[in-house]
Amino acid sequence: MDIKTDRYKEIYDKLIWDGFCVIKNILQEDMLSRLRLITSELLSQQTEQERAAHRSSGSMISVYSHSIFSELVVYPQVLQALDTLGFIRPKWSSGYVISKPPKSPPLFWHQDWWGWNDPCSYTPLPQQLFLMYYLVDTSPDNGCLRIIKGSHLKRHKLHDILPAAHAAELQQVKDIEHPAFRIYPDEIDVPVNAGDLVIGDSRLLHASHSNQTEEDRTVITLWYHPYYDLLPSAMRAHIGRLRQSNMWTDEDWERISELTPVYNGETEPIKWNRSPGPDLI
Ligand SMILES: O=C(O)CCC(=O)C(=O)O
């Protein structure tokens, strides 16, 4: 893991200003093998209908579906990396297993932030981070990540094109000619090795290439809130609402208890809004 070296300032700056960074070789081989095994079991239980609903992204299986993901949430090397980057009291809220099957279409351009109604969403520090663990080496051939640098802080023409209301049509790939599936001149590929960690600001515009190979391309995305205690109460109220999972044991909940976002105030949760307003310039 290269975060231990003096490169952490460079990595921090990249995350804040470009909107993403890569920390190499963070998952050890035994964890990678266990994650591969369990995600392929979960994938084999998916119905045809579930697959069709998510043709563009690939599977969207909640990480509350298996205990192993609670281990990943508190994986020591990851907590150490977050700490080194200055995120000393991060909280964790959710995540998905996203697997692109063989010969599947690209993932459409999108950003994942839902708190655009609050002014803090228009400032440099991240409200929410994605931590992505790819379980295989990725490249443009098998559906690696693509991003538009700086688009978490600066408006891009895609912000005007992306229809919050038609996400289901994009997911089902009703029209592959839609601009949300296009290649843009300022996009960059983020190919990684299995076990690397991609950290990104949830406001960043991102997509993935199609998977043209015969193998699954699986990523596990986990959502953290690096400055949870500093967020406005309406945001904390939204993030801190109760979660449930029949698959997680008391031991699993206990394991992540330090990272559980708790909100005990009276403020109403902020209204969900996935579209940035004109303040994003
Ligand atoms: O499948 C990928 O490479 C990216 C997944 C993604 O966009 C997400 O987790 O928000």
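Rule-based calculations on the coordinates, nothing more; no lab input. Remember, it's a predicted structure, so these values are computed and weren't measured experimentally. Counting neighbours? That spans all protein chains shown, and the Cβs are built from the backbone with ideal geometry, glycine included.
Annotations for the structure displayed:
- The range 62-168: C-alpha gyration tensor shape, a/c 1.5 cut-off, then a/b vs b/c: oblate
- Taking other residues whose beta carbon is less than 14 angstrom from the beta carbon of Leu145, and scoring Lys, Arg as +1 and Asp, Glu as -1, yields -4.
- Per-residue Cβ neighbour rank within 10 angstrom, fewest leading, Met247, Met235, Met31: Met247, Met31, Met235
- Cross-link table Lys100/Lys149; Lys103/Lys271; Lys9/Lys100; Lys9/Lys271; Lys24/Lys149; Lys103/Lys149, entries beyond 30 Å C-alpha to C-alpha: Lys103/Lys271; Lys9/Lys100; Lys9/Lys271
- Stokes-Einstein D (µm²/s) once Rh is taken as the Kirkwood radius of the chain over alpha-carbon pairs, at 4 °C in 1.567 mPa s: 67
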